[in-house]
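This report concerns only the one structure given below.
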Amino acid sequence: MMIKAEDRIRATVRADNTHIRLLLAHPMHSGRQLNKDNMLVNAEFIQDIRCWRNDNEVLVIKCGSGTSQNPYFSFELAGGQVGDTIAIRWVDNTGAKGDMEAIVDS
Amino acid sequence: MTKITIDIKRRILIKKSLSASTIAMVATSGLLLPQRVLAHWPTKAFNAETVEDVLLALLGKANISSSEKLNFSVGKPAKRIANGGSVSVEINSELENIERFAILVDNNPFPLVMSMDFSPDVLLPLKTRIKLIKGKSQVIAVVRAGGKLYLTKRDVRVDTGGDI
């Protein structure tokens with residue numbers, strides 16, 4: 001059964017900097033787990049996450065299978081203002097992709 | 001007679017629809033995906049099985065200064081972690097010009113958990129979540145800033161391991 005969940009971005013201006021929180025909806029199977037029937041679950045994990053602010057690439061994250069289920073990241077970007085666009089894209093090892101955009105809130 | 005022509009037509013139809021469906025299958029199966037995107041993943045570093053190999057593959061040969069400049073915390077509460085499936089990790093530092101940051105766990109089957117490339121805009125603190133295997137392990141944070149490597153380690157004990 002597919003888990004119906006969405007990637008989420010929260011971006012706010014905090015003390016002149018942009019504070020960003022990402023929560024991606026992904027099972028992050030390492031390929032070494034067993035399911036109920038003692039069968040290996042196929043590997044399926046995000047390998048590459050990219051984050052843009054207004055068309056500038058600011059952060060590239062390469063993940064291995066040791067990243068937790070539903071990966072979470074929180075960090076700050078220097079400067080920025082309300083109304084900036086924060087965009088992310090991810091690709092997993094099977095080639096599945098996701099993208100998401102958010103506008104910076106106050 | 002009519003039956004035969006219908007049969008032939010049917011065969012042609014089946015043939016045509018088969019080839020069309022195979023093309024569609026190939027197109028959706030990911031074989032035609034741009035390999036460029038996936039090729040950026042540093043396979044050698046992620047498939048390395050010892051911490052030394054990971055550091056060599058990811059950051060090259062460099063003198064590692066075990067640093068007090070990194071402020072690194074693992075788990076809440078630290079030291080004793082109940083659920084290894086999702087352990088929060090936080091890194092903070094006064095260092096400037098951070099280019100790359102990596103998290104490693106020495107006892108995981110493949111030590112490298114993640115590696116990040118920062119643009120000058122990114123500021124710490126940075127928080128994320130990782131999986132840890134059951135038992136004792138060392139979580140290692142490595143930062144490359146201004147051509148130097150800074151490394152710090154934290155010992156943790158996990159009651160229930162994550163699915164690694």
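A short reminder: the numbers here are calculations on the coordinates, not readings from a lab. Note that the coordinates shown come from a computational prediction; the quantities given were computed from them, not determined experimentally. Counting neighbours? That spans all protein chains shown, and the Cβs are built from the backbone with ideal geometry, glycine included.
Could you list the GluC sites (Glu not before Pro) in region B:90-164 that lie in coil according to DSSP, counting only those with at most 12 other Cβ atoms within 10 Å of their Cβ?
B:Glu94, B:Glu96
When Cβ neighbours within 10 Å are restricted to other protein chains, what is their mean count per residue of peptide A:52-59? Walk me through the numbers on the way to the answer.
Values: counts 0, 3, 0, 0, 2, 3, 6, 7.
Other-chain Cβ atoms within 10 Å of each residue's Cβ, averaged: 3.
Pairs A:Lys62/B:Lys127; A:Lys62/A:Lys97; B:Lys44/B:Lys134; B:Lys61/B:Lys127: which are spaced more than 23 Å apart, C-alpha to C-alpha? Can you show the working numbers first?
On the way: A:Lys62/B:Lys127 15 Å; A:Lys62/A:Lys97 14 Å; B:Lys44/B:Lys134 25 Å; B:Lys61/B:Lys127 27 Å.
B:Lys44/B:Lys134; B:Lys61/B:Lys127, as the Cα separations exceed 23 Å there.
Largest first, please: the extent of the C-alpha atoms of region B:41-160 along each principal axis, to the nearest Å.
In descending order, the Cα extents are 38, 29, 24 Å.
Apply 1/(1 + (r/R0)^6) to the Cβ-Cβ distance of A:Thr12 and B:Ser73, taking R0 = 35 Å, and write down the FRET efficiency to the nearest 0.05.
0.95
How many partner chain Cβ atoms sit within 10 Å of a residue's Cβ in peptide A:100-106, on average, as a whole number?
Working: counts 0, 0, 0, 0, 0, 0, 0.
Mean shielding count: 0.
Semi-axes of the equivalent ellipsoid of chain A: what are they in whole Å, largest first, if each equals the square root of 5 times a C-alpha gyration tensor eigenvalue? Provide the component values of the computation, followed by the final result.
Details: eigenvalues 188, 30, 25 Å².
Semi-axis lengths for chain A are 31, 12, 11 Å.
Could you pull out the longest piece of chain A with no exposed loop trypsin sites (Lys or Arg not before Pro) in it, calling a site exposed if DSSP puts it outside H, G, I, E, B and it has at most 12 other Cβ atoms within 10 Å?
A:37-106
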